[in-house]
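Data first, discussion second: the structure below is written as structure tokens.
The values are calculated or read from the model by the stated rules, or taken from the named source; none is laboratory data. Remember, predicted model here, so these are calculated numbers, not experimental data. FYI the Cβ positions are ideal-geometry reconstructions off the backbone, even for glycines, and counts take in every protein chain you see.
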Amino acid sequence: MTGTINSINTPDELLQAYTPLFLFLGGSVSMTPEESDLPHLCDAGLLRNLPLESRNSKFTQGSHLLKSPCPFKIECHLTVGNNYEALLSEKDSASAYPAASHWKNNGISTEDHHRSLCLMYNRYGYSNDCGEGFEPDHLGIQLLFVNLLIEKYLTEDDNEMREMIRKDLLEFINTEMLTWLPRWAEKVTGQSVTKCYTGISGLIVGGLEDVKDILTRQKLGL
């Protein structure tokens, strides 16, 4: 077992605790620090109250970084903003642009890959990412989709539908996200000049690995 929470015991409660975290992480890789107010969240210590405590080493290291004070102090906003631009902002120039098509070859064209993602998104009523804006395989879009599927899984009363959502969510994390995110996180860690994006990349990979573990154990009835 990788994920644990102070006073939360059930698998469903564990999954529910991840939903606000994935919302925060999705916004952090999709918006500029000015838009997401990331430097203030980190420096003010608001992330020290994360509801999750995980045994996953990536999660633990990322959480530790985001809970520690910003070393740049009054220059924090400027430094984090410049770091975002260099790492994540523009797909043609960013050193760690967070989209699957920049990190893996699916054996199909990028257009076909995006089309298959849109079909799955639409099946669950998640379609706003398939028009203008980010491409369907952008990390921010995919984290929001994971969050949506977790919520649907937790609120579904029909056992057959719930099992279908569990399988789709597990498959999405396994084959669509964790096939490239560890390499992306390594790149972020190697290129980042701030603790923010190194910590965020660790929380993303560690959090998804924890959710994968919870869903797998639920299949086994644990």
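Observations
- Residue selected from the stretch 197-221 under the condition over 14 Å from the mean Cα position of the chain (by Cα) and touching a residue at least 12 places away in the same chain (Cβ under 8 Å), by the criterion nearest to Met120 (Cα to Cα): Leu215
Residue-wise test of (1) surrounded by fewer than 18 Cβ atoms within 10 Å (Cβ to Cβ); (2) of a type in the set (D, E, K, R); (3) in contact with a Cys (Cβ under 9 Å, 6 or more places away or on another chain).
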site	(1), (2), (3)
Glu156	yes, yes, no
Met161	yes, no, no
Glu171	yes, yes, no
Pro182	yes, no, no
Glu186	yes, yes, no
Gln191	yes, no, no
Thr194	no, no, yes
Thr198	no, no, no
Gly207	no, no, no
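Here's the yes/no breakdown for (1) among the charged types (D, E, K, R); (2) closer than 20 Å to Leu88 by Cβ; (3) modelled with pLDDT under 95; (4) buried (at least 19 other Cβ atoms within 10 Å of the Cβ):
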position: Leu117; (1), (2), (3), (4): no, yes, yes, yes
position: Asn128; (1), (2), (3), (4): no, no, yes, no
position: Glu151; (1), (2), (3), (4): yes, no, no, no
position: Asp168; (1), (2), (3), (4): yes, no, no, no
position: Arg217; (1), (2), (3), (4): yes, no, yes, no
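- Meets criteria (free of Cβ contacts under 8 Å to residues at least 12 places away in the same chain, touching a helix residue (DSSP H, G or I) at 6+ places or on another chain (Cβ under 9 Å) and surrounded by 11 or more Cβ atoms within 10 Å (Cβ to Cβ)) for Tyr97: yes
- Filter result for Ile165 (assigned to a helix (DSSP H, G or I), among the aliphatic types (A, V, I, L, M) and more than 17 Å from the chain's Cα centre (by Cα)): yes
- Scanning the stretch 183-196 for residues that are touching a residue at least 24 places away in the same chain (Cβ under 8 Å), among the polar types (S, T, N, Q) and not in a loop (DSSP other than H, G, I, E, B) turns up just one, Gln191.
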